[in-house]
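So the structure is just underneath, and the comments pick up after that.
Where a number appears in this text, it was derived from the coordinates with a stated rule and is not lab data. Just so it is clear, the structure is predicted and the values come from calculations on it, not from any experiment. Ideal geometry is used to build each Cβ from the backbone, glycine not excepted, and the neighbour counts take in all protein chains shown.
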């Protein structure tokens with residue numbers, strides 16, 4: 001099949017990528033562009049208006065399928081760029097063709113891949129919501145991710161669903177991913193219905209089970225499925241009613257930290273039929289990052305899966321215990337007032353605040369990258385890694401290697417501050433440091449910082 005744009009240029013269609021309520025998306029020959037063909041209800045004027053609307057939003061073409069050209073034949077639509085080397089997010093879902101579960105789970109990236117792409121997807125949706133836009137039709141078929149396991153890029157297609165203002169008569173959703181109020185036509189698509197769709201997608205990706213389809217629904221009459229998706233049956237991990245509990249997929253304690261599970265509970269219990277009770281995309285972004293921070297990779301030869309360490313302090317899949325876990329903490333260096341009894345005056349000095357904003361776990365098998373947003377950097381993309389922290393076994397002694405990334409330079413200073421006459425150590429190339437323990441004082445322990453110690457800032461400490 002060929003498609004023709006408004007300048008009468010013809011393009012060869014390569015393969016079908018997906019189909020939604022608004023139309024069909026195809027990959028064009030060359031694998032660098034996609035075409036969205038609208039359903040017959042879109043005339044040329046409506047299509048042109050929609051395309052101009054999307055172009056004028058100023059979205060990043062590296063992560064959003066922003067229209068480039070209007071298509072006029074065989075139906076109205078548009079062409080947009082497409083990131084190469086991408087697969088649909090649905091490839092990370094379980095189906096009957098996957099074979100041995102553990103082998104497939106590892107080969108598809110395991111928890112590490114799933115958390116990383118969910119974080120990036122939540123960041124994209126948060127950006128849309130901050131503009132007052134609802135995506136309206138979130139599903140695994142509209143989200144594309146890097147095929148290679150070591151990359152976690154996310155690309156959103158079908159932007160023609162974007163709305164500032166929605167109406168019940170124009171409700172859009174993909175079966176199994178719609179919010180109850182959208183399915184039942186009680187309310188239009190909103191940013192909070194997006195959040196519900198995201199929570200379904202996230203839970204399904206992590207546990208390999210739909211959050212509303214437990215044993216009661218899957219073993220019952222077909223009508224029960226419709227009731228469950230419409231919010232009339234408790235979800236699979238309801239706190240007060242276990243009628244619809246599940247025995248399929250991964251148990252949540254193996255793959256979801258408790259704090260993140262509580263967010264799912266808020267969404268599927270208080271927020272099931274009350275959209276304003278649901279977590280926002282900003283909350284999902286924060287909670288998913290916290291979950292990623294505590295993932296460790298099991299060192300057992302027969303396992304090798306990533307797992308949430310704080311759930312049981314051992315591998316949740318095989319019970320293997322890590323040799324040594326080090327906690328990387330994000331804290332504040334702040335000017336603090338204190339009363340001096342001798343001078344009878346209030347004095348101010350900079351100190352390390354005890355409150356921990358974020359905690360990142362590493363062990364001998366699990367290096368971690370710390371992203372820019374942890375240091376509240378605003379001049380680069382928030383998820384850009386700025387420092388890598390990893391273990392190194394050297395002469396039977398554990399050391400930690402600090403490697404600054406993407407041109408960011410750090411300073412290393414004692415946590416107690418700099419004694420008079422001393423300077424911070426500049427960190428611009430990889431540096432080895434000794435592993436600290438709780439018996440050492442703050443004078444012996446170090447912190448990483450970006451600014452002078454006469455300024456308040458986020459700092460990184462290692463315990």
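At 0.36 nm per residue, and after removing the present C-alpha to C-alpha distance, how many nm does the segment from residue 346 to residue 245 gain when stretched out fully? The partial results should precede the final answer.
On the way: separation 101, 0.36 × 101 = 36.36 nm, distance 5.88 nm.
Value of the extension gain: 30.5 nm.
Plugging the Kirkwood radius over Cα pairs into Stokes-Einstein for the range 2-81, at a temperature of 37 °C and a viscosity of 0.692 mPa s, what D comes out in µm²/s? Display every interim value, and only then the final one.
Working: Rh = 12.5 Å.
Stokes-Einstein gives a translational diffusion coefficient of 262 µm²/s.
What Kirkwood Rh does the range 73-161 have if only Cα atoms enter the pairwise 1/r average? Answer in Å.
Here the Kirkwood hydrodynamic radius works out to 14.5 Å.
Which value at 222 nm does the chain reach when only helices count, each DSSP H run of 4 or more adding -39,500 (n - 2.57), with the total divided by all residues and rounded to the nearest 500 deg cm²/dmol?
Using -39500 (n - 2.57) per qualifying helix, the result is -6000 deg cm²/dmol.
Length gain on complete extension for the stretch residue 434 to residue 164, per 0.36 nm per residue less the alpha carbon to alpha carbon distance?
Fully extending the segment from residue 434 to residue 164 adds 91.9 nm.
Any idea what angle helix 191-207 forms with the longest principal axis of the chain, computed on alpha-carbon atoms, 0 to 90 degrees, nearest 10?
Value to nearest ten degrees: 70.
In whole Å, what are the Cα extents of the range 323-462 along the three principal axes, biggest one first?
Projected onto the principal axes, the Cα atoms of the range 323-462 cover 53, 38, 28 Å.
Once both axes come from the Cα atoms, what is the angle between helix 44-55 and the longest principal axis of the chain, in degrees from 0 to 90, rounded to 10?
0 degrees
Would you mind estimating how fast the range 212-296 diffuses translationally, via Stokes-Einstein at 4 °C and 1.567 mPa s with the Kirkwood radius over Cα pairs, in µm²/s? Provide the component values of the computation, followed by the final result.
Values: Rh = 13.8 Å.
My calculation gives 94 µm²/s for D.
Going by how many other Cβ atoms sit within 10 Å of their own, how do 330, 192 line up, fewest first?
Working: 330 20, 192 23.
Lowest to highest Cβ neighbour count: 330, 192.
Could you give the nm distance between label points at residue 266 and residue 310, where each point is 7 Å from its Cα heading toward the beta carbon?
My value for the distance between the label points is 1.5 nm.
Please work out the Kirkwood hydrodynamic radius for the range 86-293, using every pair of different C-alpha atoms, and report it in angstroms with one decimal place.
17.2 Å
Please report Rg over Rh for the range 119-201, where both radii come from the alpha carbon positions and Rh follows the Kirkwood definition. Intermediate values should be presented prior to the final figure.
On the way: Rg = 12.8 Å, Rh = 13.0 Å.
For the range 119-201, the value is 0.98.
Relative to the compact-globule scaling 2.2 N^0.38 Å, provide the ratio for the alpha-carbon radius of gyration of the range 230-383. Please list the in-between numbers first.
Numbers: Rg = 20.8 Å, N = 154, 2.2 N^0.38 = 14.9 Å.
Cα Rg divided by the expected 2.2 N^0.38 Å: 1.39.
Work out how much length residue 394 to residue 219 would gain on full extension: take 0.36 nm times their residue separation and subtract the Cα-Cα distance, in nm to one decimal.
Gain in length upon complete extension: 57.4 nm.
Defining a contact as two alpha carbons under 8 Å apart and six or more residues distant in sequence, what relative contact order in percent does the chain show?
9 percent
Points 7 angstrom from Cα along the Cβ direction at residue 102 and residue 403: gap in nanometres?
A separation of 3.0 nm, rounded to one decimal place.
Across the range 263-311, what fraction of all alpha-carbon pairs, as a whole percent, falls in each successive 5 Å bin from zero upward?
5, 19, 18, 15, 14, 11, 9, 6, 2, 0
Nearest 5 percent is fine: what portion of the DSSP beta bridges confined to the chain is antiparallel?
100 percent
Report Rg(Cα)/(2.2 N^0.38 Å) for the chain, keeping two decimals.
Working: Rg = 25.2 Å, N = 463, 2.2 N^0.38 = 22.7 Å.
For the chain, the normalised Cα radius of gyration comes out at 1.11.
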